[in-house]
Ligand code: ADP
Ligand code: MG
């Protein structure tokens, strides 16, 4: 038993170390990117292409860091009472430009009576990762539907896309570290999100059909009635 606790503590310290290193590395990277962009405008031909490659790699490093930052601190922090439909609206607002750029429509079917008591930022991160994947999967002219419901006394969030879907083999691997089928993917987004949702005592399930699309079903505990009453 004692051994187990020590191991958990060590993991926690490693996680914290990784998170702070990721933070530290991000700042110089931003500076490097800025100077590379400035230098690029004065270049031509082969050198310009080399610079574009360097910039693309800096972008990749940035993506890995921001996905990894979330992975290294999956414990739930400050919890608060929050309205799930408000969060979905926020996500749509944040991701609409990305969807529009890809020619993907976003639709919601919300209800305003679903309250959770959880870590708002962590949930937002997880849902953004999952919704981004849906937008990335949906082809031009496709759509992403987000629906809220109450099921088995839990909040049920359904994110459905008309994208390319996943094969049974891929379906099995979604949510595992570093699994990605994308050219510029990190394979961290779903791994991070699964861990967060589990830490919230929720569950996440994928249903998918190649060529037809994917549906993600997330169940989360509802806030206790007594908390709602206390808030008025
Ligand atoms: P990344 O997006 O960086 O590839 P993720 O962990 O977010 O990493 O996703 C892992 C993989 O799961 C993706 O590369 C993709 O193959 C698959 N995937 C996730 N969501 C969907 C979806 N909605 N439709 C199709 N494939 C998906
Ligand atoms: Mg992703």
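The values are calculated or read from the model by the stated rules, or taken from the named source; none is laboratory data. Predicted model only: the values in this text are computed from it and were never measured. Glycine also receives a Cβ, built like all others from the backbone with ideal geometry; neighbour counts cover every protein chain displayed.
Some values worked out for this structure:
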| quantity | calculated |
| --- | --- |
| Residue in the stretch 181-214 that is surrounded by the fewest Cβ atoms within 10 Å (Cβ to Cβ), counting only those that are within 14 Å of ligand 2 (Cβ to nearest atom) and over 27 Å from residue 120 (Cβ atoms) | 183 |
| Pair list, Cβ under 6 Å, 6 or more apart: the stretch 119-140 residue under 25 Å from residue 210 (Cβ atoms) and in a loop (DSSP other than H, G, I, E, B), other residue more than 10 Å from ligand 2 (Cβ to nearest atom) and modelled with pLDDT of 95 or more | 138/104; 138/144; 138/161; 138/162; 138/163; 140/103 |
| Options 45, 77, 103; residue that is within 26 Å of residue 130 (Cβ to Cβ) and free of Cβ contacts under 8 Å to residues at least 40 places away in the same chain | 103 |
| Those residues of the stretch 215-232 which are surrounded by 12 or more Cβ atoms within 10 Å (Cβ to Cβ) and at pLDDT below 90, in sequence order | 224, 227, 228 |
| Unique match (being within 8 Å of ligand 1 (Cβ to nearest atom) and out of contact with any helix residue (DSSP H, G or I) (no Cβ under 7 Å at 6 or more places or on another chain)) among 134, 199 | 134 |
| Within the stretch 157-174, considering residues that are surrounded by 15 or more Cβ atoms within 10 Å (Cβ to Cβ) and more than 7 Å from ligand 1 (Cβ to nearest atom), the one nearest to residue 67 (Cα to Cα) | 173 |
| Subset of the stretch 202-232 that is within 10 Å of ligand 1 (Cβ to nearest atom) and touching a strand residue (DSSP E or B) at 6+ places or on another chain (Cβ under 7 Å) - its residue that is nearest to residue 88 (Cα to Cα) | 216 |
